[in-house]
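Everything below concerns the one structure shown next.
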Amino acid sequence: MGLSRQPETARPRTAPRVHRGRWAAAGLFLLAGLFHGMSQGSAMRTLSFLLSSTLYVGLALGWAVSIQHRVMEPKARRLLIASALLVALWMVLRVCKYRFVNTEDAQVLLWYLYYLPQLFAPTLVLLAALQLNRSAERPRSRGWYLLLVPALALFLGIVTNNAHELAFRFCPPLPREAAYIHGPLYYAAMGWMLVMTLAGAAVLLRACRVPSGRRGLWLPCAVFVLGALLSLLSFANVLRPFKVPEMISATFVATWESCIAIGLLPTNTNYGGFFSASTIAAQITDGEDRVVYSATTPLTLSAAQRAQARQGTVSLSEDIRLHSQRVRGGYIYWTDSAARLNRIRARLSETAGLLSEENELLRAENDARRQQSALEEQNRLYESLLPPVRSQMNGMSALLERLRPDEADFTRQLGLLCVYGAYVKRRCSLALMQEEDACTQELVLCLRESVGCLTDMGVLSALRPEGSAVMPKEAIVLAYDCFEAAVERALPTLNALLVTLRAGEAGLTLRLSLEGAAQPLEAGWGPERTLPRGLTWHLHVERQDETLFETLTITGEGGETGC
């Protein structure tokens, strides 16, 4: 489905604004580098340095605000904002050290504090990368946050270096920052930063290989590699305007922006694309009832129809209903189809008609019994139909008494009525059969109608018959009763049902796979029944995860196959 936009109220799209913001940030970064280059040997050295540092801090804070507004995944959003704030802290600490602090002790302390963002930012980046392509049903283990413990231990060790000198060993009487030797704690910190950085890059690379980001795999890789090369050139003093902290911070931001650009990190941009990807007929109007967005699926509404829809649901035809909802700045209008509900009502009406006809037949037979003694045996047969279906008839009566069209579960109650009605009809038909033997295809017809009613009720259902055979009618009735009892017991939580029926010379096997069923059918279900011809039956119940498997097996001397 496409999307058309009315010209009179057109506004710029969100995605172009994001692209312009990225270019503006890149320009400000270059401008900050220019100011930093001017601060070396310039008469306005202090002013240029402060301007460049202010731009760097502003860019970091601006990116944090941008992440807060754009990124939807809460854990990744919080971790990225924390990383951006650490980058801003790094720049602030550097400004304080070189421009606002004069004593050697204070400068050394600020030097130690550099390692707060240097140790924690790569760790937070790794934790944020682990959130990519993770669903709400399969969140990352909180045990990953234990990675913050080694980073904290290393930072505390560096801050307290004056007491033990395990990170930096000073060589007096020269200034401490001018003459020192790296200790084991320093190398451990460097190793931690390198491992966290490479691990974060590896996780990002793996996330890019999933279908959602495979097309843009090259972009984050290229940005990360280019940023690493530029950082090395800055470390070698080749890129004089840009120092290592700025290049590392820019690489961090650019890499995550490339992940956002290829869709690895979901953002709330490109609303027009979301609207065009929907499959409904819809319109969005502004506060003056002018159409701003209109889907290409035909939806022609008059001002009067929109006014009625703002008051409540409007029926445009027998099967089409018009809805509306207020949104910021206007209203959205959409239509849906009531055809399925109408079909359920028609099926319910048909089933109720069939039940009414059968009740009339029962009453006619009862009248005939008083008139003709020859029909006494047939009348007893009709009376025997009620006990097996009495609970279903009572359930239908109770549902019909409390059925209300305005209730939230109205559709499900209609479907449940159809399930009860199908069982009553088919169970009575089986009981009325005059033959002692029946083909298993009769059972297939019973199961198919019940499965169809379950599908209309909203339960994903399927029937898979395999083979056919002639068996005693009691075996067919037993299998259908077992199916109905298992379904009714599982209906409150049943999500999906697969029915497999196998028939052959060895007997009959009915296997029910019920997904979401909370209450299983007891293994000793059913009354004591003696099947003819030495047939025996057994019910086996087992559960695997959320699926319940119930298997009824009727074995013995089977009948003829291929009926």
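The values are calculated or read from the model by the stated rules, or taken from the named source; none is laboratory data. None of the values given here were measured: they were computed from a predicted structure. All Cβ positions, glycine included, derive from the backbone under ideal geometry; neighbour counts span all protein chains shown. Protein only, heavy atoms only, side chains kept; ligands, DNA and RNA dropped before computing areas. Shrake-Rupley method; radii C 1.70, N 1.55, O 1.52, S 1.80 Å.
Taking the range 312-333 as the range and being at pLDDT 85 or above and open to solvent by 60 Å² or more (accessible area, probe 1.4 Å) as the test, the residues that pass are Gln325, Arg326. Exactly one residue among Ala201, Ala163, Ala189 is of a type in the set (Gly, Ala, Ser), modelled with pLDDT of 80 or more, open to solvent by less than 30 Å² (accessible area, probe 1.4 Å) and assigned to a helix (DSSP H, G or I), and that residue is Ala189. Each residue in the range 489-534 was checked for being at pLDDT 85 or above and more than 35 Å from the chain's Cα centre (by Cα), and 6 pass.
Selection of the range 43-74 for residues being under 36 Å from the mean Cα position of the chain (by Cα), loosely packed, with under 15 Cβ neighbours inside 10 Å and either modelled with pLDDT under 80 or not polar (S, T, N, Q) (or both) yields Val65, His69, Met72, Pro74. Annotation note: Cβ proximity below 9 Å between a residue of the range 385-411 that is surrounded by 11 or more Cβ atoms within 10 Å (Cβ to Cβ) and a residue that is basic (Lys, Arg) (sequence gap 6+ or interchain) occurs for Leu385/Arg427; Pro388/Arg427; Val389/Arg427; Gln392/Arg427; Phe410/Arg404; Thr411/Arg340.
Given the structure, is Val101 open to solvent by 10 Å² or more (accessible area, probe 1.4 Å), in contact with a helix residue (DSSP H, G or I) (Cβ under 7 Å, 6 or more places away or on another chain) and of a type outside the set (Lys, Arg)? Taking the combined requirement at face value, the residue satisfies it.
Restricting attention to the range 535-553 and to residues that are at pLDDT 90 or above and in contact with a helix residue (DSSP H, G or I) (Cβ under 8 Å, 6 or more places away or on another chain), the residue that is farthest from Leu460 (Cα to Cα) turns out to be Leu552.
Has the range 444-461 got at least one residue that is over 21 Å from Thr351 (Cα atoms), modelled with pLDDT under 90, out of contact with any strand residue (DSSP E or B) (no Cβ under 8 Å at 6 or more places or on another chain) and not acidic (Asp, Glu)? No, every residue in the range 444-461 fails to be over 21 Å from Thr351 (Cα atoms), modelled with pLDDT under 90, out of contact with any strand residue (DSSP E or B) (no Cβ under 8 Å at 6 or more places or on another chain) and not acidic (Asp, Glu). Counting only strands (runs of 3 or more DSSP E) that sit completely within the range 274-367, those holding 1 or more residues that are among the charged types (D, E, K, R), over 24 Å from Arg412 (Cα atoms) and within 27 Å of the chain's Cα centre (by Cα) correspond to 320-327.
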